[in-house]
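A short worksheet on the structure shown next.
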């Protein structure tokens with residue numbers, strides 16, 4: 001690990017951890033907002049003690065950063081996780097994928113590290129970061145939509161993120177007309193047609209041919225593959241349905257696309273803008289933007305959240 | 001007009017006005033929250049000066065209340081109107097039905113009456129009243145859904161009403177799979193299938209028989225009329241689609257039904273609860289409640305809003 005540049009602002013450093021369903025990321029953030037020694041590794045799993053496994057790994061990494069940067073005084077630690085979370089009490093309420101229920105992340109990490117701990121929802125905090133430092137700057141009514149294997153959102157109304165008791169933002173599990181039976185048990189969920197995962201699955205179902213990812217399906221569509229084009233168009237239509245709902249109910253000014261599918265850029269935003277535009281009448285018309293922070297949004301959100309404990313915001 | 005009872009609390013009185021597309025209501029509210037001389041009359045219209053016509057009538061009524069209650073010191077005036085409003089500046093941005101655009105209601109009424117004026121959206125403020133004094137007490141995440149000729153909502157997230165720049169709450173103009181072309185120009189709007197107006201219209205389209213109101217269609221359904229039952233069931237399904245969207249996106253705890261259709265009581269809430277329940281999986285499951293304040297919710301909201309200016313809340 002290399003030390004932060006001597007020119008770094010004097011503001012305090014924080015540690016940031018973004019735990020995902022497959023991988024987790026970690027970094028030291030200096031007072032200027034720059035990440036150092038950004039690490040990526042498989043998320044530790046222990047079916048019997050899933051929360052403890054994460055806390056143990058995070059605490060070990062925290063110790064390693066402290067050891068590798070002896071000249072840095074770490075002020076706080078930020079951790080974001082998926083699933084249902086209670087940010088107020090620092091509890092991971094439920095993760096279908098990682099297996100915990102009502103696990104007191106913030107308390108356990110405070111005990112293990114001795115640091116002030118900020119705990120939050122991965123997509124929620126990624127959204128906070130995008131709104132404050134990325135594509136959502138200056139907006140009050142916006143939705144950050146992370147489209148990957150599934151779809152999840154961070155909903156901002158009148159400048160504040162909507163929590164809904166930890167349940168808000170599940171736009172991937174709101175129904176659209178073209179949606180089908182979802183793994184969650186409901187029918188018609190947007191992520192059954194509009195996610196990168198759905199694009200790959202539906203292409204294979206139609207053609208019997210495997211695709212490595214949504215990017216490959218898009219490439220096939222560009223090369224005249226009608227099945228690929230159809231699957232891509234279905235995803236756009238489904239996403240447009242979901243976005244138009246947001247516009248009607250919340251007066252959303254802009255939807256900011258993140259996650260793997262957003263890397264399609266104008267192949268996604270172009271048709272999506274047209275589809276949204278064709279559906280609305282007197283409604284506020286949401287702009288369609290692409291995330292600026294990209295894959296680091298969750299880590300940046302964890303760092304910002306930690307910084308909120310230190311009185312030294314970026 | 002009769003004077004407020006001598007036993008009324010000493011808290012100040014306010015004047016409240018609820019301007020609707022057809023009728024307007026007015027009342028004096030004493031410090032205990034009781035309305036006096038509640039009046040209902042046709043909304044004054046002047047195609048050339050639609051805003052002025054309302055202000056003139058409201059000012060004349062204010063003068064009449066002041067004259068009829070000489071012992072009462074009126075502290076403030078609250079006015080709620082339909083359409084798009086900017087509550088911050090006190091402006092009626094747009095009403096398709098009543099015809100104004102960017103009309104400075106609060107300023108004009110202050111000039112005419114000399115009173116502090118609170119100005120707001122009719123459904124939004126009816127929702128505020130329902131949350132504070134009616135069926136929404138104690139809830140933080142709820143939607144008040146007014147179902148009459150059309151459908152409009154007041155959306156509450158984390159204890160606050162969502163404004164969305166004046167555009168939030170148009171749940172009647174969010175699409176559902178069974179919706180059709182709407183007068184607003186969009187396709188599939190919930191109010192084309194789920195409103196009292198749609199129930200009457202669709203029943204007539206199916207049968208060629210006129211119905212005086214949704215109540216009559218419900219009565220026919222009870223008497224074995226399959227068309228009536230079908231139209232009613234479609235409305236319930238459409239409303240369930242809309243409500244499930246709210247649950248997924250906002251973590252809504254309860255939907256509070258108001259407006260004419262809510263008078264159907266358990267004929268509406270029973271099947272609606274079952275339909276909502278059958279659609280959701282891990283989501284927070286919203287309760288289905290009926291408005292407590294009923295038709296006076298808008299007037300109560302105007303009074304509460306006015307009271308907010310006086311430092312004498314109920």
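Nothing in this text is a laboratory measurement; each read-out follows from the coordinates by a stated rule. Treat the numbers as computed from the prediction; the structure is a model and nothing was measured. A quick note on method: Cβ atoms are made from the backbone with ideal geometry, for glycine too, and the neighbour counts reach across all protein chains shown.
Counting Cβ atoms of other protein chains within 10 Å of each residue's Cβ and taking the mean over peptide A:239-247 gives 4.
Normalised size of the range A:45-95, defined as Cα radius of gyration per 2.2 N^0.38 Å with N residues, equals 1.36.
The calculated FRET efficiency for residue A:278 paired with residue A:101, based on their beta-carbon distance and R0 = 56 Å, is about 0.80. One chain, two ends: residue B:46 and residue B:229. Fully extended at 0.36 nm per residue, the span grows by 61.8 nm beyond their Cα-Cα distance.
For the range A:25-50, the residues whose backbone nitrogen is under 11 Å from a point 7 Å from the Cα of residue A:68, taken along Cα to Cβ, are A:26-28, A:36-40. The angle separating the long axis of helix A:266-279 from the principal Cα axis of greatest extent in chain A is about 60 degrees. Per DSSP H run of n ≥ 4, the term is -39500 (n - 2.57); total these for chain B, divide by its residue number, and report the mean residue ellipticity at 222 nm rounded to 500 deg cm²/dmol. Value at 222 nm, helices only, nearest 500: -12000 deg cm²/dmol. Normalised Debye scattering of the protein assembly as shown at q = 0.08, 0.10 Å⁻¹ gives log10 I(q)/I(0) of -0.65, -0.95, counting only Cα atoms as equal scatterers and leaving out solvent. As a size descriptor, the averaged projected area of the C-alpha convex hull of the range A:48-131 was calculated at 6.0 nm². Against chain B, whose longest principal axis comes from its Cα atoms, helix B:196-207 is set at around 40 degrees. Computed on the range B:135-291, with alpha-carbon pairs under 8 angstrom and 6+ residues apart, the relative contact order is 24 percent. Taken residue by residue and averaged, Cβ atoms of other chains lying within 10 Å of the Cβ of A:167-179 number 6. Averaged over the residues of B:182-188, the number of partner chain Cβ atoms lying within 10 Å of the residue Cβ comes to 4.
When the P(r) is computed for the range A:137-291, the part past 29 Å accounts for 13% of the Cα-Cα pairs. Note on residue B:39 and residue B:212: their simple-model spin labels are 2.9 nm apart, each label 7 Å out from Cα toward Cβ. In the range B:5-110, the alpha-carbon atoms span a convex hull of 95 Å³ per residue. Here the convex hull built on the C-alpha positions of chain B has a volume of 140 cubic angstrom per residue.
Any idea what angle helix B:50-68 forms with the longest principal axis of chain B, computed on alpha-carbon atoms, 0 to 90 degrees, nearest 10? With both axes taken from Cα atoms, the answer is about 60 degrees. Based on C-alpha pairs under 8 angstrom that are at least 6 apart in sequence, chain A has a relative contact order of 19 percent. Determine the percent antiparallel among the DSSP beta bridges restricted to the range B:18-131, to the nearest 5. Counting DSSP beta bridges with both partners in the range B:18-131, the antiparallel share is about 70 percent.
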